[in-house]
Each structure stands twice: as C-alpha cells, then as structure tokens.
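Written below as structure tokens is the structure these notes are about.
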Amino acid sequence: VTVEQLCSLGWELVFLWVAPYLRTENGELHDESFQLLPPACADAFRGRIYLGVARHGREGEQQIERLIASESVRYGIPQVAAPEVIYHDSARRRLQDVLTCIRNGIPIDSAGTRLRPNALHGLSDLRTIAQFYADRPDLLARTVEIARRCTFSLDEISYRYPRLPGSGRKSDSAFLREKT
C-alpha cells in the first residue's frame, strides 16, 4: 500500500502509528519510517491520527516515549496508550518465541533480543492497562475514546472464496477434497 493510497482512505479510518524505533550505532533512537508516513497523512486523517505509546517494561521505553512526545508536538498528532498485543493470553508467549525463531531461521537458544523480554504482550483488561499508564491518564482516555468510535463487528464481514481453476462444476470443497 502506498502512502497516497493510505491517505486516500483517511476519511474512513483511524490511523494509529506505533513506530518501530531503531537504535543508531551511537545508541540514539530514530525512526526513518516516521519521517515518511504520519507527516504525509496528518491532513488526510485530521482528527483520526494518533501516535501510539507502548509500555511493556522494556529497557529504553522512557527514551522512546520522549521521542514520541517530541514528534507529537512537532506534527500536532496526539498520543494514545497502545500496548503491542501479539497473543491473546500471556501463556502463549513461548509459542510466539518459537514463531519468531522460525521466521528468523534460528534456534531458540540463540534468538537473544529478537524475542520479547517478557510476557506483557497479551490482551489485558482496562484496569491492567490503566496501571501501566497511571502517570498518563490522558493517553488512556484517548484510547478509550478511539475504542468507542470503532463500531466494527466480525458479523459485518464475510469472505467469498474465488473459484478454483480446474474445479469445473464441482463445489470448491469437493474439488479440494478430491485433490487432497
């Protein structure tokens, strides 16, 4: 998806930017992708664009938050509480670790910093999230405001599978059953 295509949808979407901040060789934080995306989309998503602040008890989060706050002021984009959710339950962390190793083609004992440092990437209730952002209730209030604006339901979608080539008059499921 190009920046132009994304911005053309600004009237119907909420844009939540959770930046993939990277460290330079001298230890400073930067995010090259931020320079391209949120500033370009700020007008298209006016009133519906936010910078996410993720808190997971990781080293360097305070430095990242200062950078996000700086960008927030610079571009006039408000911040919101936006924990990174990778799995529905913290008990699934080990599975996530294995998937990370598969994706990187490495054994788990050599994954190092590619793995999340803790199990704080699961779904949490509002009370738990509020504890992480106790010093910034404004971030949490904006997150709750966004959640109230999003009225999507899974009942609203359906998927229509494309016809499989070579299935002829058979149903797709009968054709797939025959092939397998």
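The values are calculated or read from the model by the stated rules, or taken from the named source; none is laboratory data. Quick caveat: nothing in here was measured; it's all calculated off a predicted structure. Counting neighbours? That spans all protein chains shown, and the Cβs are built from the backbone with ideal geometry, glycine included. Side chains are part of the model used for accessible areas, which takes the heavy atoms of the whole protein and leaves out ligands, DNA and RNA. Shrake-Rupley method; radii C 1.70, N 1.55, O 1.52, S 1.80 Å.
The figures follow:
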item: Residues ASP172 and VAL18, FRET efficiency given R0 of 30 Å [Cβ-Cβ distance, rounded to 0.05]; result: 0.20
item: Spin-label pair GLU4/ARG92, simplified geometry with 7 Å Cα→Cβ offset, distance in nm; result: 3.8 nm
item: Two-site label geometry, THR180 and ASP155: point separation in nm, points 7 Å out along Cα→Cβ; result: 3.0 nm
item: Overall Cα dimensions of the chain - principal axes, largest extent first, Å; result: 61, 46, 36
item: Taking all pairs of distinct alpha-carbon atoms in the range 73-161, Kirkwood radius in angstrom; result: 16.1 Å
item: Stretchable slack from GLU84 to SER72, in nm (0.36 nm times residue separation minus alpha-carbon distance); result: 2.4 nm
item: Dipole moment magnitude, nearest 20 debye, the chain about Cα centre, only Lys, Arg, Asp, Glu C-beta charged; result: 780 debye
item: Portion, in percent, of the accessible area of the range 46-111 that falls on carbon or sulfur, probe 1.4 Å; result: 51 percent
item: Length added when fully stretched, ALA130-ALA111, from 0.36 nm per residue minus Cα-Cα; result: 3.7 nm
item: Share, in percent, of DSSP beta bridges within the chain that are antiparallel, nearest 5; result: 20 percent
